[in-house]
Amino acid sequence: MYWLSRQKLPRKAGMAASLGTAVHASIEDLLQIDLTNRKPDQTHWLPEMAENFLKQRWEEEKEIFHSTPRRPMWKEKEWDKAKKMQRGAIKMLLEFVGANGVTPLKTTVALWNSILSRVIAVEGELRTKDNRLMGRLDMLFADVDNQGQLQGWIVADLKTGRAPNEELKPEVQRQLLLYRDILLSNNPNAPPVKTEGWYTANATRYTATGGPVIDDALKAWEETKPSPTPLKATPGQSSCGGFCDWKAWCPHWWNWRLENGTLGSEDFSDSVILLHHFDDNNGTGIAEICEPANAEGRAMPTGIQIPISFDGRGKEALQELLSTGHQGPIFIGSAMTNRDTWRVGHWCDVLPWSPIPDA
Ligand code: SF4
């Protein structure tokens with residue numbers, strides 16, 4: 001998966017990622033505003049400003065999304081979710097300066113300025129001096145005590161995904177600790193650095209704890225240096241079965257499924273087909289299921305033909321593919337295969353089947 005992600009193959013746009021980026025950017029906007037022309041005790045300004053920033057970022061993300069050829073459907077109704085996430089982030093910022101229970105409407109200019117006074121950096125790039133490791137820093141804050149004395153730095157990573165039950169997942173701990181380690185390696189005289197995951201879903205901050213991880217990260221960097229041949233594949237339920245975006249270029253999931261007898265057996269299945277007939281108007285057609293003929297993923301027709309129906313973004317993606325003159329096997333990701341007629345809808349990948357051999 002990692003190796004394929006480094007081969008300049010077409011990337012897939014996703015609603016969750018676009019939504020997260022828009023929320024991140026809107027919070028970063030709010031942390032870089034200039035409020036000098038407003039009265040310190042002014043209230044009622046924050047909700048509108050926050051929504052305007054979010055709207056602007058939302059529209060930007062929508063445009064990027066629609067200009068990405070490999071994309072599902074844009075879900076306008078997720079706007080409410082984005083607003084909720086932004087509210088969660090604002091709540092954490094207010095609590096960070098001790099303003100628990102203060103609503104955005106009641107937030108004074110002076111209060112927001114006290115948040116701004118704690119900001120050291122927003123949306124920075126963390127990079128080791130040898131250029132090997134990098135991370136994107138969302139927010140770096142000054143940690144101050146009641147007397148206003150600097151106690152340390154806080155690296156805050158805004159998280160718009162699902163919040164952890166109790167503790168951060170090990171991979172998130174590791175990511176946050178790596179930010180701390182990169183920061184410390186570049187700033188040997190830094191005060192104590194804490195890293196926190198700020199989860200917008202439940203407006204809760206989680207602190208990452210643990211020793212240095214930078215040596216392990218450098219080891220991993222060595223092992224994942226781009227190589228001319230793919231890294232060893234590890235097909236399985238938790239890798240291919242989940243959210244691998246690179247199946248159209250990987251022969252391994254296909255052979256793995258054939259060998260364990262699960263090819264096309266789930267309600268939503270990945271498959272490689274030959275399209276024998278397609279009606280451009282109503283999106284229906286006849287597909288022939290293929291099976292892998294060898295380890296390299298050469299497609300072999302099985303003679304099994306099934307009615308298939310393309311709609312929405314799935315139909316558009318097929319039409320775009322056919323308009324390039326493509327003939328031959330087509331990879332369909334996550335088609336609904338539990339009915340007599342397979343359905344390829346807005347959530348599906350429709351790509352030319354082009355497996356990259358290991359050798
Ligand atoms: S389909 Fe499976 S084996 Fe292939 S790259 Fe993705 S996760 Fe790895």
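The values are calculated or read from the model by the stated rules, or taken from the named source; none is laboratory data. Quick caveat, the model's predicted, so the values are computed rather than measured. No Cβ is skipped: glycine too gets one built from the backbone with ideal geometry, and neighbour counts run over all protein chains shown.
A few remarks follow.
- Test: residue in the stretch 30-37 that is out of contact with any Phe, Trp or Tyr (no Cβ under 6 Å at 6 or more places or on another chain), farther than 25 Å from Leu137 by Cβ and either loosely packed, with under 14 Cβ neighbours inside 10 Å or outside the structural domain of Glu316 (by TED's automatic domain parsing) (or both): yes
- Across the stretch 244-274, the qualifying residues are those that are farther than 15 Å from Val350 by Cα, touching a residue at least 24 places away in the same chain (Cβ under 8 Å) and touching a strand residue (DSSP E or B) at 6+ places or on another chain (Cβ under 8 Å), and the one among them that is farthest from the ligand (Cβ to nearest atom) is Asp267.
- Positions within the stretch 96-134 being free of Cβ contacts under 8 Å to residues at least 24 places away in the same chain and not in a loop (DSSP other than H, G, I, E, B), in sequence order: Leu111, Ser114, Ala121, Gly124, Glu125
- In the stretch 269-359, counting only strands (runs of 3 or more DSSP E) that sit wholly within it, the ones holding 3 or more residues that are over 14 Å from Ala248 (Cα atoms) and of a type outside the set (A, V, I, L, M) span 284-292, 299-310.
- Some residue of the stretch 282-292 being closer than 30 Å to Lys75 by Cβ and surrounded by fewer than 18 Cβ atoms within 10 Å (Cβ to Cβ): yes
- Cys240 satisfies every condition listed in (1) surrounded by 21 or more Cβ atoms within 10 Å (Cβ to Cβ); (2) within 16 Å of the ligand (Cβ to nearest atom); (3) in a helix (DSSP H, G or I) except (3).
- With respect to the conditions (1) part of a loop (DSSP other than H, G, I, E, B); (2) not assigned by TED's automatic domain parsing to the domain that holds Gly333, Ser265 lacks only one, and its number is (2).
- Verdict on Arg38 being within 16 Å of the ligand (Cβ to nearest atom) and in contact (Cβ under 8 Å) with a residue 12 or more places away in the chain: no
Residues are listed down the side, and each one gets a yes or a no for (1) of a type in the set (D, E, K, R); (2) at pLDDT 95 or above; (3) surrounded by fewer than 18 Cβ atoms within 10 Å (Cβ to Cβ):
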position	(1), (2), (3)
Gln149	no, no, yes
Glu166	yes, no, yes
Leu178	no, yes, no
Leu183	no, no, no
Tyr199	no, yes, no
